[in-house]
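In what follows, a structure is listed as structure tokens, so that the remarks can point back to it.
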Amino acid sequence: MAPSALLAVLVVALTSLGPLSTDFYLPSLPAIGRALATDSAGVQLTLSVYLLGFGLGQLLLGPLSDRFGRRPVMLWGMAVFTVSSAACALASSLEALVAARLLQALGACAGPVLGRAVVRDVYGPQESARVLSHVSTATALAPLLAPVFGGWLTAGFGWRATFVVLTGYGLLLMALVGVMLRETNAHPDPRAMEPARMLANYRTLLADPVYRSALLIGCGAFAALFAFISGSPFVYIELFGMSPLQMGLAFGLNVTGFMLGTTLSARLSRCVGPARLIRFGVFAGGACGLVLAALALAGVAHPAAVMAPVWGVTAAIGLILPNATALGLSGYPKMAGAAASLMGFMHMGLGAGAGLVVGHGVQSSTLPLGLTVAAGMLFSLAAWALGPRR
């Protein structure tokens, strides 16, 4: 498939599936807790289990797409996402919602991981960093707008309405993939699904210091990002007394930092290079994370004490994630699916752990949020400091 504007739009729609599936229902988390008679830690399971399923699914879908092609695996993923989104809307207990979210994640992960692999297939190693930065900028509209509309839906129609809309979005994506996407995997590997081959591929990736460094840098950034995503509804609504709509607006304001970071990345990736952008991102993100943690330790309980440093953190993550992804995938044209899936699995695993940590005590203090975000950004900084300089 040749590069085109339509392909870029489709990749944006597919990669938006991940943030939409989490950010769209964020304003409804306290309402879900009240409706299903559980606390913040219980509701956090719907996020953490989603991330675990998202990561595990990528370990399978990446090699599947290397073996059978991106298009058929994408179609099956969209079908599973659509059915499980409908099951979320009908869930009558926390256990049923958690199980449906796990299935939803297994389908949703096809969008981002195979979307990145399609970009690598079509644009090659040099242009993929620039294209992924543009995709990340456009995709950032999802977490920018989703909480606002999610808050409006929750206030007007209840928490189940968000999953009804996600069901419709899944149907739309399935139709678009069927009509617009042609196969992009020019090097199908008939042995990609063999367990020994899969393990050998993952060993090859982890033995590469460039890939390993990019992987770990992205892991810390994603953990910090998801700590904010999972903790902010309870901080803004329960601790600061915001309405679901106000929470969506505050969350969207923080996402503008991520959009700025990805926009700068897209403009500067050719002249500055991914490695230098990552370096600037880890230092800026580490500094802002420390400010957030210091304000929380000092007991400064004000929305500005969270929103201002988090804006800086998200801007730094916007520089880090697309460049770390492009750097990690650049050397693996014949197993881009496996490389992207392992990266996604590790990102989601640390993100799920960060969500579980933030879920305890976040309703009464900003300290769990501040410390977890700072720890994630310092992890990225340490991974950069210990990795190769090229």
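The values are calculated or read from the model by the stated rules, or taken from the named source; none is laboratory data. Just so it is clear, the structure is predicted and the values come from calculations on it, not from any experiment. Here the Cβ positions follow ideal geometry from the backbone for every residue, glycine too, while neighbour counts run over all protein chains shown.
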Study note, to complete from the structure: Checked region 281-306 for anything in a helix (DSSP H, G or I) and surrounded by fewer than 19 Cβ atoms within 10 Å (Cβ to Cβ); matches are PHE283, ALA287, LEU290, VAL291, ALA294, LEU297, PRO303, ALA304
Check your understanding: Can you pull out the residues in region 70-85 that are of a type outside the set (D, E, K, R) and buried (at least 18 other Cβ atoms within 10 Å of the Cβ)?
Key -> VAL73, MET74, GLY77, MET78, VAL80, PHE81, THR82, SER84, SER85
Review point. From the list ALA287, ALA385, ALA340, ALA294, which one is touching a helix residue (DSSP H, G or I) at 6+ places or on another chain (Cβ under 9 Å) and under 21 Å from LEU132 (Cβ atoms)?
Key: ALA340
Exercise for review: Among residues belonging to region 45-92 that are over 18 Å from the mean Cα position of the chain (by Cα) and of a type in the set (Val, Ile, Thr), point out the one that is modelled with the lowest pLDDT.
Suggested key: VAL73
Exercise for review: Tell me, please, whether a residue that is of a type outside the set (Asp, Glu) and free of Cβ contacts under 8 Å to residues at least 60 places away in the same chain can be found in region 363-376.
Suggested key: no
Practice item. Among the numbered conditions (1) within 23 Å of ARG212 (Cβ to Cβ); (2) without any contact (Cβ under 8 Å) to a residue 40 or more places away in the chain; (3) among the small types (Gly, Ala, Ser), tell me where GLY241 comes up short. Key: (1)
Exercise for review: Quick one: which helices (runs of 4 or more DSSP H) lie wholly within region 155-267 and hold at least 2 residues that are crowded, with 24+ Cβ neighbours inside 10 Å?
Suggested key: 160-180, 209-233
Revision key, fill the gap. Given the conditions (1) over 30 Å from ALA207 (Cβ atoms); (2) assigned to a helix (DSSP H, G or I); (3) modelled with pLDDT under 85, every one holds for MET335 apart from (1)
Check your understanding: Across region 25-58, what is the total count of residues that are over 17 Å from ALA96 (Cβ atoms) and among the hydroxyl-bearing types (Ser, Thr, Tyr)?
Key -> 1
